[in-house]
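Every number in this text was worked out from the coordinates using simple rules, so none of it is lab data. Values in this document were obtained by computation on a predicted structure and should not be read as measured data. Cβ placement follows ideal geometry from the backbone for every residue including glycine, while neighbour counts extend to all protein chains displayed.
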Amino acid sequence: MASRSEETALIDNALSGQQPAFKQLYELHVEGLFRFLNQFASNREQTEEWTQRAFIKAFQKLASFKKEARFKTWLFTIGMNEMRTDMRKNIHFENIEETPEAHGTQEFSNEEWMTARSLIRKLPNDKKMVFLLYEVEGYSHREIGELLDIKEATSRVILNRTKAELRQGLQV
Amino acid sequence: MKSHPFYSPSESPTPIEQERMWNSIEDQLPSPEAAPILMHWRSFWIGNVAAVVLIFALVGVYVTTNLLTTGTEQASASEDRMYETLTSATGQLKTITPLLLNTASEQVKPSIESRIQAIEDIDQMIEEMKNDMMINGITPAKEFSLKRLYATKLDFYKEILLDNEGQL
């Protein structure tokens, strides 16, 4: 995993026209983006299509990338936009006004993750997206709010509801 | 890369998949130092390739434009196919546009360049429209506007192709 400064250097090199820097950026992020998008695709060809389109767009618009942001976050935003563009039924997030619970539900253990896989795959896309971004990809609710253009509180409520739903499913 | 327990190893891209994706990406990397490709449009090889591409692209453009402009009674499945055709056709057109510009005569170059600029403006409007639909939801009016933008974009491509067609 490259440090932030190494990644910034790679971006600078790519911007100055050094082609190997693009490949290094690709190799750093392809696995993460592919695995995430694969959770929403109906087959691997679709995942490949979204992944490569995300990289092409990111590289073509690299000059507009703000270096104070994380490249991974920017790439994921583009990847999710590509995916959502192709979906006939767009992923819609309702802004939920209720106050999120003060205490989140407890963390999943490694064993529970294994069992929960199939349940997570069956979740509606909006819940799956928030859940994976927070629990698996490690984004904060503030970042998810920016990524998906929803309120931070909405992200919290969706996550809490999804976790409760999963826990219930695991107990059955 | 440290793997989260949620992801099984089979979900990572295989080396073959990674290579295949990279090959597609590499073809479209920005090349700041790209020198203009000097090709004579009368060359036998280029002339033939361009003619074949033009025929396929024109057929695609006409079919898709007709689909876009013949009302809203299209079934969902045919709309999916329509968007696939559209994406594929515009992708091909975008790829051959630099070639068309290179092979165009000096008389038509300014007109092609202004049409390319117009297509870029439309792309921006399409992007904004899609973002708006993503954030605020889809309405029939927005869908119609989006289709009109696509149709206008295709019209510009058609004009570029017709400009060049006369030279081949």
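Please report B:L154, A:L147 as a ranked list, fewest other C-beta atoms within 10 angstrom at the top and most at the bottom.
A:L147, B:L154
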- request: Place the peptides B:143-152, A:54-63, A:113-122 in order of packing, highest mean first, counting for every residue the other Cβ atoms within 10 Å and averaging per peptide.
  value: A:54-63, B:143-152, A:113-122
Of A:K57/A:K127; A:K57/B:K130; A:K72/A:K151; A:K57/B:K94, pairs whose Cα-Cα distance is over 23 Å: A:K57/A:K127
message: Cβ neighbours within 10 Å, averaged per peptide: list B:116-123, A:28-35, B:10-17 in order, most packed at the top.
response: A:28-35, B:116-123, B:10-17
query: Does region A:7-53 classify as rounded, prolate or oblate by the C-alpha gyration tensor (a ≥ b ≥ c root eigenvalues; a/c under 1.5 gives rounded; else a/b over b/c gives prolate, otherwise oblate)?
result: prolate
